[in-house]
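The values are calculated or read from the model by the stated rules, or taken from the named source; none is laboratory data. Here the structure is a predicted model, which is why all the values come from computation and not from measurement. Neighbour counts run over all protein chains shown; Cβ positions are idealised from the backbone, glycine included.
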Amino acid sequence: MNLDIHGGSCGHSCCLRVENLSVRIGGDCILSNVNLHVHCGELVALIGPNGAGKSTFLKAVLGQRDYEGVIAFSEPGQRSKKPRIGYVPQSPAFDPSDPVSVADLFACCMSRRPAFLGLGKSMRALVLECLERVHGEELIDKRVGTLSGGELQRVLLALALEPMPNILILDEPLSGVDVEGMETLMDMLDEIRKNFDLSILMTTHDFSLLPRYANQVVLIDRGILIQGEPETVLHSAEFAQAFHMKGGSV
Amino acid sequence: MSLWYWFCDFFPFEMLRWDFMKNAMLALLLMAPLFGLMSTMIVTGRMSFFSDALGHSAFTGIAIGAICGMSAPTWAAVLFSVVFALIFSYVRSRSNQAADTLIGVFSSTAVALGIFIATLGGGSFTKYNKYLIGDILSVTPGEIGLLALVLMAVLIFWVLCANRLTLTAIHPQLASSRGIPVGLSQTLFTVAIAVVVTLSISSVGLLILNSLMVLPGASARNVSKNLRQYHGFSVLFALLAGIGGLTVSYYLGCSAGAAISLILAVIFAVTFALRKGNA
């Protein structure tokens, strides 16, 4: 069953358009017939049981998986320009013994100058500027392995926001983050979304915060089961079936 | 070389009067910083055991080279090590088994193959001992020149790719999401270790090689908070142990390789004890 709540064509405010997307790995069909529109400045949450194909979907959008169908991006005024995608990967566990500071991590990602020679003044200033966006300036000299789940997500978010992307994709940003950290993180995403008119696509297993923060919720299980307003989806029969009968956690 | 000899004569140390000591010292001064640098990446990338396995695969390469009648089987060993490293990288990327398990598989296969070839038709492998054990004191100026060239090449590769390699080692998924070809980086890194290990092995020996490739990085991790300290300490420890070990071996008349390794072990113990304040 597919519901495309935005109709076939969409105006210039549509940032990401996915049509008839299917992904096969080996002979196995992981996703089929996915249709999804993400508008500019909108937060879309992908939910679904484990193994439903959420991460696969994100990888297809990122261009890390082969797929059939259409994935098109557009910006106001510039159609189908190659977009800049900011990506925060799943389970970002660092070895606590790795002597890598947050500043080093940024330098490794953004500069060609070997990070082991130390950061130049301008690089350090840039890192601070990035961390400021996630209110994390004080984290700059901490070792990445010693950050809490919420701190780490903020650092990775800051990393994904430089250079400022057109679309931000987060894979399970709330896993491993405590309840307080979740709200902080979601507030931050909300702030960034509004300030930069950024489209955000994220997967999550935490449904309690969705009505407050998500514009659209998409329930996936090898294809889209239902999509729409958070309340509609969370109270649908499809949702109950996907999670209760499979013994998933709500 | 003569410039180096002339330089050594400036020092009033008795041990630096001998040419073989001058050679050994120069080889160590070249090797130690580079191995210190590489060891950080080897330890971060969890490849410590791999460099050991490569040492063994080099032996097989030497045996194959000797069978084929090559006068300098070192090159056959380099080739074999590179092939070994490539096959290992391929299998690692396709298998869901832990890297140390796979290294065990490859290491024992390589050793068995080497001994099988060397002893085929009743041969003895004592003549290969030189390659396996090696001795820093017997290093020749020609070997030092070759070592310097290879080390220079690796250093350039290192400086160009350091950030990508670090990111790949600490978080492969993040690296790939930043557009870094993770598989290619890992393979290049593996091949670089293979070449360095194999070329150094016959001139300096397996013992020094493995301790210099793992211990400086492991010790530096104990006391470092960022990459700069990590690399700085690692290079410093490698140099200290290299020079210190050679000196100790001269005055006590023991194996230089063993002395260097033991000093590194002491450094590790000391940094381990100091680690609390930094955690």
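What to note about this one:
- Selection from segment A:193-208 of residues that are surrounded by fewer than 21 Cβ atoms within 10 Å (Cβ to Cβ) and under 14 Å from A:Q153 (Cβ atoms): A:D206
- Filter result for A:S97 (of a type in the set (S, T, Y), free of Cβ contacts under 8 Å to residues at least 60 places away in the same chain, in contact with a Gly (Cβ under 9 Å, 6 or more places away or on another chain) and under 28 Å from A:G149 (Cα atoms)): yes
- Checklist (1) in contact (Cβ under 8 Å) with a residue 60 or more places away in the chain; (2) under 14 Å from B:G36 (Cβ atoms) applied to B:L199, failing item: (2)
- Segment B:183-202, subset surrounded by fewer than 19 Cβ atoms within 10 Å (Cβ to Cβ) and more than 13 Å from B:A85 (Cβ to Cβ), residue nearest to the other protein chains (Cβ to nearest Cβ): B:G183
- Selected residue (only one of A:L157, A:L219, A:L225, A:L152 is under 13 Å from the mean Cα position of the chain (by Cα), at pLDDT 85 or above and either surrounded by 18 or more Cβ atoms within 10 Å (Cβ to Cβ) or assigned to a strand (DSSP E or B) (or both)): A:L157
- Residues that are modelled with pLDDT of 85 or more and either closer than 14 Å to A:L62 by Cα or more than 7 Å from every other protein chain (Cβ to nearest Cβ) (or both), drawn from segment B:156-168: B:I156, B:F157, B:L160, B:C161, B:R164, B:L165, B:T168
- Those residues of segment B:1-55 which are of a type in the set (S, T, N, Q) and either in contact with a Phe, Trp or Tyr (Cβ under 6 Å, 6 or more places away or on another chain) or exposed (fewer than 14 other Cβ atoms within 10 Å of the Cβ) (or both), in sequence order: B:S2, B:T40
- Index of the failed condition, B:G179 passing every other in (1) out of contact with any Pro (no Cβ under 6 Å at 6 or more places or on another chain); (2) in a helix (DSSP H, G or I): (2)
- In segment B:14-49, the residues that are outside any helix (DSSP H, G or I) and touching a residue at least 24 places away in the same chain (Cβ under 8 Å): B:G45, B:R46, B:M47
- Residues of segment A:131-149 classified as within 14 Å of chain B (Cβ to nearest Cβ) and outside any strand (DSSP E or B), total: 8
- Candidates B:V139, B:V214, filtered to the one that is out of contact with any strand residue (DSSP E or B) (no Cβ under 8 Å at 6 or more places or on another chain), over 21 Å from B:I62 (Cβ atoms) and surrounded by 18 or more Cβ atoms within 10 Å (Cβ to Cβ): B:V214
- Meets criteria (touching a residue at least 24 places away in the same chain (Cβ under 8 Å), crowded, with 18+ Cβ neighbours inside 10 Å and closer than 21 Å to A:I140 by Cα) for B:R221: yes
- Sub-9 Å Cβ pairs linking a first residue in segment B:88-111 that is outside any helix (DSSP H, G or I) to a second residue that is exposed (fewer than 12 other Cβ atoms within 10 Å of the Cβ) and of a type in the set (S, T, N, Q), at least 6 apart or interchain, are B:S95/B:T101, ordered by first then second residue.
- Residues that are modelled with pLDDT of 85 or more, among the hydroxyl-bearing types (S, T, Y) and in a helix (DSSP H, G or I) are absent from segment B:193-206.
- Residue check for A:G176: more than 10 Å from every other protein chain (Cβ to nearest Cβ), at pLDDT below 85 and either over 22 Å from the mean Cα position of the chain (by Cα) or part of a helix (DSSP H, G or I) (or both): no
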